[in-house]
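Student: Please read through the structure below; I'll follow up with questions.
The values are calculated or read from the model by the stated rules, or taken from the named source; none is laboratory data. This one's a predicted model, so the numbers in the text were calculated from it and none came from an experiment. Cβ coordinates were reconstructed from backbone atoms using ideal geometry, including for glycine residues, and neighbour counts include every protein chain displayed. What goes into the accessible areas is simple: the full protein's heavy atoms, side chains included, and nothing from ligands, DNA or RNA. Shrake-Rupley method; radii C 1.70, N 1.55, O 1.52, S 1.80 Å.
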Amino acid sequence: METTRRLFLKSGVLAGGGLLLGFGLSACTEKDDPGPVTAVTDYVAISSDGIVTLIAKNPEIGQGVMTSLPMLIAEELDVLWANVRIETAASDDKRFGAQFAGGSMATALEYMPMRQVGAAARWLLIEAAARRMKATHDAFTTKAGKVRHKDGATFDYGELAAEAALLAPPDPTKLTLKDPKNFLLIGKTQKGYDNPKIVRGEPIFGIDVSLPGMLYAVYLKSPVYGARLISCDLSAAKAANGVKDVFVLKGTDLHGLKDGIAIVATSWWYAQAARALLSPVWDEAVGKLHDSEIYSQTAKTLLLGEGEVKEKRGNADAALRSATHTFDAEYNVPFLAHVPMEPQNCTAVVKAEGVEIWAPTQQPNDGKALIAKTLSIDPAIVTVHMRRCGGGFGRRLENDYMAEAVAIAQKAGAPVKLVWAREDDVAHDFFRPGGYYRVRAGVDASGKLAAYISHSVNFTREGKIVQGDEVAGNAFALTVAPHTRVEFSKIETTIPTGYLRAPVSNALAFVHETFCDEIAHGAGQDPIAFRLAHLNAHIDDYNGDRFGGYNPARMRAVLKTVEERSGWRSRASGKGEGMGVATYFSHHGYFAEVAKVRVTDDGKWRVLKVWAVGDVGNQIVNPSAAKNQVEGAVMDGIGSMSAEITFSKGRAVQTNFQDIPMMRMPQAPEVDVQFVLSEFPPTGLGEPALPPVIPAVANAIFAACGVRLRQLPLTEQDLRAAIDTART
């Protein structure tokens, strides 16, 4: 029987006489049997003085949900934003349901439920006033935190809160929500709620946590992934200044505790200094064949053959043979590290009666389960306090640092704060997988794409595609060519991989949208006109799922807008400056972007400006935060073009920022952001603006100097050599 979800409410009275409104989701069946309660949470608390405290349920990693989700509640509650206070929810899946930051999902999942809880709270306050006056419910309205009777009587929310808390709440799904044209908060810029705390340097991040009697820990693991500890003399480290204990922990969990040596001291610096006195012996044989050069050579051989077919439509080989113009190119993208500015950290207290954790995490409830598994305890006695994350980008979907912290704290018998050094953060990341691709295409005599074949080499662990390297065919060309085939081959790896901002899409967009530009130029067509012609030809084919949810009309709208906004038709190319375009459908968002780039003869390149136009539905919740997300995605995408992680015998070669170039402020381009509102429900913005900027920049480099970029990272030396080759 199909399971759906059902909204429900409960209410209660605060100690101070105010309203406490609980709102959640319960499982129910198509026969409307309520079933067991799986999520109950308190989102709204109204004190007797009219101050409204709203709960932000999801982790805040810089995407703005601590502000935007409470905005949705406050809008329907009809309260002044100045009277709102916001608190981060406790981590509790039984009360709150899913709590996570990832996949640009918060707006898509919470837009209606959060509005409904605000509307339900408003209904309770009106009902309290109606009963007090012995009047009908529809005789009242609300405005700015007050309930008003049609005859003029007015009540502050705080005055009604205690009475409202005693009432049976309504079914929130049956309440009438505001018409968007009457929104007072949604769609209006609100500054990030804790921005002032960030500016003042207040301790709001995980790394800021401090507890009485707390010790500091460093955990030394093998640089070779999967290597077990053979031996280590701990005596010198134990005798070091400030060190309280040094001990070995054993573990084999890829996503949790692994073999290592813990150093616990009165300061982190003492622990880190003692670490240098250790000379562990690891069994590193497991990494022998896991080398970037070996991966590359293996991939080249695999791409010459045929792969396993993932998707197929028509007869791509025959269509390619009969094509007027054919194209064949190989691309590769590197492994990448997340490198959030705040390295991984966790503070833990382990006692017989329970475990308490303070951590910056994108999946707190998964972290709770991992802690329970690590210590062999009941998850019910684990409490996780969500802290603001100093960046995440997908890295904090993994909670291995939480497993390490609780294991160390249990052994140390004291509160412990574990902080990874930057070198640990790089060496023990869950990397964005590298990839190798061969793409072939054919254009017929009318200039239309007739055939498209994509062969990728993907990494596997024990024969299964690793995290972040899922085979996907949702590229522009694959949705418009009548004859297509997507195939893949495999390379086994020991390297831990995961999800980096816009996972999968951040690699595929570079490959397919750069190749699309090459096809357009090779066929003698303008790159935007080429894309529009194919989109127009498939507008009528859209039926909601043929293209995996991809709607050609929505992409056409953003592409036409960016064409006009960027002045594309009057652009000038060559002589060191050029403009490039790319589109991509990622995480339910449609983005078209144009980049303007300057390239000098010595290989230096800089992005001067990016025009980014997106369609993420019919409502932008917080415009300034939305613009911030697009700007950040653009910067991330451009920055990633200069970065890579390589491996030698199973270990990462790069160690710190001197090896991983980060974009500096003088390098940041101007970013012009525009949204096209459509008729569809709102979706998220953390990821969809990133994928197209990479190929847009690559295509702009071609327009500037004639060099086709098929390999990342892009270095000055490589670009200078390519320019010299192109001129000869």
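Student: Just by accessible area at a 1.4 angstrom probe, what is the order of Leu277, Leu125 from largest to smallest?
Tutor: Leu277, Leu125
Student: A further question follows. What is the distance in Å between the Cα centroid of the range 114-168 and that of the range 642-667?
Tutor: 58
Student: Could you report the accessible area of Tyr43 in Å², rounded to 10, computed with a 1.4 Å probe on the protein chains as they sit in the structure?
Tutor: Its heavy atoms expose roughly 10 Å² to the probe.
Student: What nm value, rounded to one decimal, do you get for the distance between Asp179 and Ser573 when each label is placed 7 Å out toward the C-beta?
Tutor: 4.8
Student: Calculate the FRET efficiency for Glu423 and Thr141 from the Cβ-Cβ distance with a Förster distance of 60 Å, rounded to the nearest 0.05.
Tutor: Efficiency, rounded to the nearest 0.05: 0.50.
Student: Here is a further query. Taking every DSSP beta bridge that has both residues in the chain, what percent is antiparallel when rounded to the nearest 5? Write down the numbers at each step before the final one.
Tutor: Values: 103 of 135 bridges.
Once the DSSP bridges in the chain are tallied, antiparallel ones form about 75 percent.
Student: So how much slack lies between Glu716 and Arg132, counting 0.36 nm per residue of separation and subtracting their Cα-Cα distance, in nm? Each step should come with its number before you reach the end.
Tutor: Values: separation 584, 0.36 × 584 = 210.24 nm, distance 7.46 nm.
Full extension from Glu716 to Arg132 adds 202.8 nm.
Student: What ranking, highest mean first, results for peptides 175-182, 709-716, 564-571, 250-257 when packing means the other Cβ atoms within 10 Å averaged over each residue? Don't jump to the answer; show the numbers that get you there.
Tutor: Details: 175-182: 10.5, 709-716: 17.5, 564-571: 14.1, 250-257: 15.9.
Ranking, from highest mean packing down: 709-716, 250-257, 564-571, 175-182.
Student: For the pair Arg565/Lys250, report the inter-label distance in nm, with labels modelled 7 Å from Cα in the Cβ direction.
Tutor: 5.9
Student: Using protein chains only and a probe of 1.4 angstrom, how many square angstrom of Trp123 are accessible, to the nearest 10?
Tutor: My reading of the accessible area for Trp123 is about 70 Å².
Student: Put Asp469, Asp540 in order of accessible area, largest first, 1.4 Å probe: what do you get?
Tutor: Asp540, Asp469
Student: I would also like to ask the following. How large is the helix-only mean residue ellipticity at 222 nm for the chain, computed as the sum of -39500 (n - 2.57) over DSSP H runs with n ≥ 4, divided by its residue count, in deg cm²/dmol to the nearest 500?
Tutor: -9000 deg cm²/dmol
Student: By DSSP, what percent of the beta bridges with both residues in the range 416-494 are antiparallel, rounded to the nearest 5?
Tutor: 50
Student: Right, something else. Can you give the accessible area per residue of the chain, in Å², using a 1.4 Å probe?
Tutor: Accessible surface, normalised per residue, equals 41 Å².
Student: Under a plain spin-label model, where a point goes 7 Å from the Cα along Cα-to-Cβ, how far apart in nm are Lys300 and Met341?
Tutor: 4.1
Student: If r is the Cβ-Cβ distance from Val199 to Ser267 and R0 is 35 Å, what FRET efficiency results, to the nearest 0.05?
Tutor: After rounding to 0.05, the efficiency reads 0.80.
Student: Another question about this same structure. Would you kindly state how much longer the chain becomes between Leu109 and Ala445 on full extension, computed as 0.36 nm times their sequence separation minus their alpha carbon distance, in nm to one decimal?
Tutor: 116.4 nm
Student: Residues with beta-carbon under 15 Å from that of Ser505, excluding Ser505: net charge, scoring Lys, Arg +1 and Asp, Glu -1?
Tutor: It works out to a net charge of -4.
Student: Next up: What do you reckon, how do His385, His512 stack up by accessible area (1.4 Å probe), largest on top?
Tutor: Values: His385 60, His512 5 Å².
Ranked list, largest accessible area first: His385, His512.
Student: Given the Cα-Cα distance of Glu670 and Thr326 and 0.36 nm per residue of separation, how much length would full extension add, in nm?
Tutor: 120.2 nm
Student: With every protein chain present, what accessible area does Glu670 have (1.4 Å probe, heavy atoms only), rounded to the nearest 10 Å²?
Tutor: Ignoring ligands and nucleic acids, Glu670 comes out at about 110 Å².
Student: Here's something else I'd like to know. State whether the range 210-331 is rounded, prolate or oblate according to the following rule on the C-alpha gyration tensor (a ≥ b ≥ c being the square roots of its eigenvalues): a/c under 1.5 gives rounded; otherwise a/b larger than b/c gives prolate, and the remaining case gives oblate.
Tutor: Prolate.
Student: In addition: Please report the carbon-and-sulfur percent of the accessible area for the chain; probe 1.4 Å, protein heavy atoms only, DNA, RNA and ligands left out.
Tutor: Carbon plus sulfur share of accessible area: 51 percent.
Student: How high is the FRET efficiency between Lys191 and Phe680 when r is their beta carbon distance and R₀ equals 30 Å, given to the nearest 0.05?
Tutor: So the FRET efficiency works out to roughly 0.60.
Student: Give the total of Lys-Lys pairs in the range 140-261 with Cα-Cα distances below 17 Å; include a pair only if its members are 8 or more places apart or on different chains.
Tutor: Details: Lys143/Lys178; Lys143/Lys181; Lys146/Lys178; Lys178/Lys188; Lys221/Lys250; Lys221/Lys258; Lys250/Lys258.
Total qualifying Lys-Lys pairs in the range 140-261 comes to 7.
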